[in-house]
1. In the list 283, 263, which residue meets the criterion of being within 29 Å of residue 322 (Cβ to Cβ) and without any contact (Cβ under 8 Å) to a residue 40 or more places away in the chain?
2. From the list 137, 193, 202, pick out the single residue that is under 30 Å from residue 89 (Cβ atoms), in a helix (DSSP H, G or I) and assigned by TED's automatic domain parsing to the domain that holds residue 76.
3. Sort out which residues of the stretch 91-119 are within 16 Å of ligand 2 (Cβ to nearest atom) and part of a helix (DSSP H, G or I), and write them in order of number.
4. Just to check your reading of the model, which residue among 294, 299 is within 8 Å of ligand 2 (Cβ to nearest atom), outside the structural domain of residue 159 (by TED's automatic domain parsing) and acidic (Asp, Glu)?
5. Does at least one position in the stretch 256-270 carry a residue that is away from ligand 1 (no atom under 16 Å from the Cβ) and at pLDDT below 90?
6. Out of the residues in the stretch 159-173 that are near ligand 1 (Cβ under 8 Å from one of its atoms) and of a type in the set (A, V, I, L, M, F, W, C), which is farthest from residue 114 (Cα to Cα)?
7. For the stretch 86-108, name all the residues that are among the aliphatic types (A, V, I, L, M) and in contact with a Leu (Cβ under 6 Å, 6 or more places away or on another chain).
Amino acid sequence: MMQSSTPRLVVAVLLVLVWATTSLDAQPDAVAAGQPDTPATDPQLAEDLWGFDDDEDAVETWGTLLRDQARDLALLVAFAALTLVSFFRKSVRLKYVTLVAAVVYLGFAKSQLISVVNVYGLVTGNLPIFRYSLAWYLFAGFTVVTTVLWGRLYCGRVCAFGALTQLLDLIVPARWRVELPVWLEQRAARVKYGLLAATMLYFLVTADIAVYRYVEPFWMFSRRATTGMWVGLGVLLVATVFVRNLYCRFLCPVGAALGLLSKLTVFRIKRWSECTSCKICEKTCEWGAIRGPEIVMTECVRCDDCERLYMDTAKCPHWIILRRSTATSKRPAASVG
Ligand code: SF4
Ligand code: SF4
């Protein structure tokens, strides 16, 4: 449960975000930097198409580039810090503050999400121009590094769409939920890898990136869609009300790509020897990522739920058994005779 001061914290974060984004350009920077349809361009070329501007004072330096992008960089660093603090402190309250910030700032204000188009770009070497897209590189670098170090932290608290569906979870009554049988859940989780492979193949054969519109709903944050796509999004969100995190668990090609990357994860979630028989964490995991004693890193989004249980000395059998065996060993031996 979230603590009572959470609403105040959320309002404070919202106020900061509204202040920070009130003077942003109408076209979100990240869309221009790394997202579909608007490839990064040289701002000088864009503003001076005919080459009339010979003003030597306008010479571009790293100083001017950094100054121009300083606010985006600073806000992104602040968001990354919030993400890591909430993760390391295992704080439910800070996690929800991070999710709200992800939706409001990264989603609606900046349209800054990792898209399957970025995966295509990585494969073909077609990435945004570095010097004009420092915030995008910081964002993408943060995603890759955190995935290699800890797993799909990006999906658990950075992706604006994933954050939106997790916040939806807070308001949907638990009795509306449909729990899928394990065999179906495990098979459905493979669909996203098939979608990643299919769209990648389609892109490599046709060089057409427009396919992203039909496999990921992130365009909703930049509001560029046909009526059919909005209807599809509506159906997806309604389905998510009944099947928790439906898109993330079963359909997202970006989640699949990060899942494959998280096979390299260095710092994994610890397990106790008691985890072999105890099923408490397995039932707690809303992402279907715990199978017996094993945590399936490709599906785990580092939501902290099992780790909080794991450290709970009142609920986790490991601690209960440990306490009992310590008490037994301290008990004085019965006298004989
Ligand atoms: S699975 Fe996809 S939509 Fe879900 S959080 Fe990850 S990247 Fe975002
Ligand atoms: S409950 Fe544990 S295993 Fe499941 S997604 Fe969260 S952190 Fe990963």
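The values are calculated or read from the model by the stated rules, or taken from the named source; none is laboratory data. Note that the structure is a prediction, hence the values are computed from the model and not measured. Reconstructed Cβ throughout: ideal geometry from the backbone, glycine too, with neighbour counts over all protein chains shown.
1. On the way: 263 fails: within 29 Å of residue 322 (Cβ to Cβ).
Criteria check complete, one pass: 283.
2. Selected residue: 137, the only one of 137, 193, 202 that is under 30 Å from residue 89 (Cβ atoms), in a helix (DSSP H, G or I) and assigned by TED's automatic domain parsing to the domain that holds residue 76.
3. If the condition is that a residue be within 16 Å of ligand 2 (Cβ to nearest atom) and part of a helix (DSSP H, G or I), then 92, 94, 95, 96, 98, 99 are the ones that fit.
4. On the way: 294 fails: within 8 Å of ligand 2 (Cβ to nearest atom).
Checking each option against the conditions leaves just 299.
5. yes
6. Step one: filter the stretch 159-173 for residues near ligand 1 (Cβ under 8 Å from one of its atoms), giving 159-163, 165.
Narrowing the set further to residues that are of a type in the set (A, V, I, L, M, F, W, C) leaves 159-161, 163.
Values: 159: 8, 160: 10, 161: 10, 163: 13 Å.
Filtering the stretch 159-173 for residues that are near ligand 1 (Cβ under 8 Å from one of its atoms) and of a type in the set (A, V, I, L, M, F, W, C), the one farthest from residue 114 (Cα to Cα) comes out as 163.
7. Passing the criteria: 97, 99, 103, 104.
Residue by residue, here is whether (1) farther than 25 Å from residue 291 by Cα; (2) surrounded by fewer than 21 Cβ atoms within 10 Å (Cβ to Cβ) holds:
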{"residue": "161", "(1), (2)": "yes, no"}
{"residue": "168", "(1), (2)": "yes, yes"}
{"residue": "174", "(1), (2)": "no, yes"}
{"residue": "180", "(1), (2)": "no, yes"}
{"residue": "183", "(1), (2)": "no, yes"}
{"residue": "187", "(1), (2)": "no, yes"}
{"residue": "190", "(1), (2)": "no, yes"}
{"residue": "194", "(1), (2)": "no, yes"}
{"residue": "200", "(1), (2)": "yes, yes"}
